[in-house]
2 protein chains.
Amino acid sequence: MGTIGELGEFGLIGRLTRGLPRGPQVELGPGDDAAVVAAPDGRVVATADLLAEGRHFRRDWSGPYDIGRKAAAQNLADVVAMGARPTALLVGLAVPTGLETAWAEELYRGLSDECALTGASIVGGDVVAAERITIAVTALGDLAGRPPLLRSGARPGDLVAVRGDLGLSSAGLALLLDGASAPAELIEAHRRPRPPYAAGEEARRAGATALLDVSDGLLQDLGHIAAASGVRVDVRSRQVPVPRILGSAPDALRHALTGGEDHSFAGTFPRDADLPPSWTVIGTVTEEAPRAPGVTVDGRPHGPGGWDHFRR
Amino acid sequence: MGTIGELGEFGLIGRLTRGLPRGPQVELGPGDDAAVVAAPDGRVVATADLLAEGRHFRRDWSGPYDIGRKAAAQNLADVVAMGARPTALLVGLAVPTGLETAWAEELYRGLSDECALTGASIVGGDVVAAERITIAVTALGDLAGRPPLLRSGARPGDLVAVRGDLGLSSAGLALLLDGASAPAELIEAHRRPRPPYAAGEEARRAGATALLDVSDGLLQDLGHIAAASGVRVDVRSRQVPVPRILGSAPDALRHALTGGEDHSFAGTFPRDADLPPSWTVIGTVTEEAPRAPGVTVDGRPHGPGGWDHFRR
C-alpha cells in the first residue's frame, strides 16, 4: 500500500474521499474549495473538536478504525445534544509522512461508519504532514425548525435524567493504563464510545429544558447546565445507573459520576415529563444558592473530578 | 499572564471566546455543545483546513497575531471562492501547556480581525494540549440564493483572469529561508496574506464560470480547474501580473506562477465578460486534448511546481 509521503497530499485526499457515501443533504462533496450542504432549517448547528495522539488516543491502544469511530462520535453527539440532526462532517488530518496509507483509510472508514448511524456524510477536509497525528473534526446539523436544546434552560423543580452508559470508557482507560486487557467490554467502550443518538429526539419529545452530551464526566457536565441555567443540580447517587459490569469495582460509582468520553446524554425535564424507559431520573434541579456548588451529590459537595485536558 | 497549563482548558476557552464580536448571523456563539449560525440560503458552504507548526508557520518567523490572520484568511478565501459570504469560523487549537496564554489570545485577536474583514464571526471551537501547535479552522458561508461558483464550470473559449497578488508569499518565504529580513513587504506578505475578498462578488457579477483561490500556486490551481472542467488552460506568461517588487528577482515569474499561499483568486469568464479593472486576463480556455497537460504556459507544458505539503 505504501506510505502517505509516497502518495502525496492530493493523492491521499483523493483516495480517502473517493467513494464516500453521500446523503441527499450533500449538494457538493469534497473536491472544490468548499462543500455545500443543505440547511433546510435556515440555520446550521456547528461544532468542532480536536483529537491529539497521545492525549485522546494511543496507536498502541486503538486501531485507526476505532479512532475514526470515536472522533466522529464525539462531534456527532454534540450536534445531537443540541436537538439537531447531524448532516455533515469535515475532517482535518495531520499525519506523519511515514504513516501507512492504509492507516488513514481505516480511520476514514471508521469516521464514515459512525456518520452512517446518524445520516451524516463526510463532505470535506484537509490533510497535512505533521510529526504526530491530530484529527480535527467539525460536525454540522439541522434543527428542522425547532429551537436548539441549550444548557441554559434548566429550571428549579425540573428532573435530571440520563440516557446511555456512564463510566465504561473511564473504567476501560484505567484498565489500559494498568496494562490489563479484560474485561474486553470496558476496553472496547474506551476505544469506541457508543452514543445513543436517539437521545436527542427522545429528549425533545419529552420536553427537555436542557441537554448535553457527557464528554467530561457526569458531574462536571451537569455543572455546565447548573452554571448556564443559574440553578443547582442535586444527584441522588443511588439512582445513578452504574453499569452492571462496573458493579464489583470499588471505583464503580466514581467512574459513573466522573468518567468522561462515553458520550451519553444528560438533560433536565419538567417534573411531569413522560420520559421513555431508556432514560433514568437521577436527581432534581433546585434554586441556585449563593456561594454553594452548582452540583451536589446526595446534597453534599463533591470533590474535583471530570476531565480537563490540561490539568489531568 | 501565565501559561495555558495554569489556566486549564475551560479557563482558556473562556478567556479566548469572551468578548468576541458576534454578527447578527450568530444565533448562538461559543459555550454550548455547538453553535447555531444563520444559513438563510437553506444551504451552508463549509471548508476546513489544518495549519501545523513547523509546516505552515514557524513561531520564530511569525507572531501569533499574524498566524491567526493567516489561518482565518486561508479558510475565508475558500468560502469566497465559492461565491459565498463567510458567516462563521470554528477554531480548534492544539497547544503545549507551557505556552503563554497571551500567545493564544493574540492568535485569537488575529483570527477575529481577519473575520471582521468579511463579516464572519468566531462561533466555537476546542482547545487541547499537544506537544506542537496545530490550528484547525472551519469556515462557513452563505450563498444568498445563488449557485456556488465551482471549479468545474470552465468552457472552451473562456478567458482566464486573476485578482490579487501572485508570488509575494512565496518570495517572502524564500527570503526567510535565506535568513533575510528585507524587503519587508515580501516577508509581511508571507506572514499575513491579504486575500482580496471582494473578488468573489466581482467574479459573480462578471459571470464567472469557475473560481478558486490560489493556495497551492497559480499553475497548480488552474490545473484543478482544467481537471474539474475537462478543459485545457493556457497561460500567457507576458500577461501574468508579476508584482513590481519581484521585478528584479530572477525568479519573479516562477514565484508568480507557482508560489502558493497568497490566496488571490483565479477564475474563468465568458469571452465577452465585463471584468472590473482589478482583474487581469492571463490566458484562455481551450478544448482538452488527450494525454496533453491540463495547463500550459505559452502553449508549452510546464515543470512541476505548486505546493504539496507532503512532497515539498
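The values are calculated or read from the model by the stated rules, or taken from the named source; none is laboratory data. No experiment lies behind these values; they were computed from the predicted model shown. Quick reminder, even Gly has a Cβ in these numbers, built from the backbone with ideal geometry, and neighbours come from all protein chains shown. With ligands, DNA and RNA removed, areas are computed over all heavy atoms of the protein, side chains included. Shrake-Rupley method; radii C 1.70, N 1.55, O 1.52, S 1.80 Å.
Taking the conditions (1) of a type outside the set (Gly, Ala, Ser); (2) out of contact with any Lys or Arg (no Cβ under 6 Å at 6 or more places or on another chain); (3) open to solvent by less than 30 Å² (accessible area, probe 1.4 Å) in turn, residue B:196 satisfies each one other than (2).
Any idea which of B:46, B:52, B:94 is more than 18 Å from the chain's Cα centre (by Cα), assigned to a strand (DSSP E or B), within 7 Å of another protein chain (Cβ to nearest Cβ) and closer than 22 Å to residue A:51 by Cβ? Only one candidate passes the filter, namely B:94.
Taken over region B:1-18, residues that are more than 8 Å from chain A (Cβ to nearest Cβ) and open to solvent by less than 40 Å² (accessible area, probe 1.4 Å) amount to 6. Any residue that is buried (at least 24 other Cβ atoms within 10 Å of the Cβ) and within 24 Å of the chain's Cα centre (by Cα) - is there at least one of those in region B:19-33? No. In region A:224-243 there is at least one residue matching the filter, namely being within 18 Å of the chain's Cα centre (by Cα), open to solvent by 20 Å² or more (accessible area, probe 1.4 Å) and not β-branched (Val, Ile, Thr).
Within the group B:263, B:190, which residue is under 18 Å from residue B:57 (Cβ atoms) and within 14 Å of chain A (Cβ to nearest Cβ)? After ruling out the rest, the residue left standing is B:263. Within region B:104-155, restricting attention to residues that are of a type in the set (A, V, I, L, M, F, W, C), open to solvent by less than 20 Å² (accessible area, probe 1.4 Å) and over 27 Å from residue A:130 (Cβ atoms), which residue is farthest from the other protein chains (Cβ to nearest Cβ)? If we take residues in region B:104-155 being of a type in the set (A, V, I, L, M, F, W, C), open to solvent by less than 20 Å² (accessible area, probe 1.4 Å) and over 27 Å from residue A:130 (Cβ atoms), then B:154 is farthest from the other protein chains (Cβ to nearest Cβ). Scan region A:156-181 for residues that are surrounded by fewer than 22 Cβ atoms within 10 Å (Cβ to Cβ) and closer than 20 Å to residue A:57 by Cβ and the total you get is 9.
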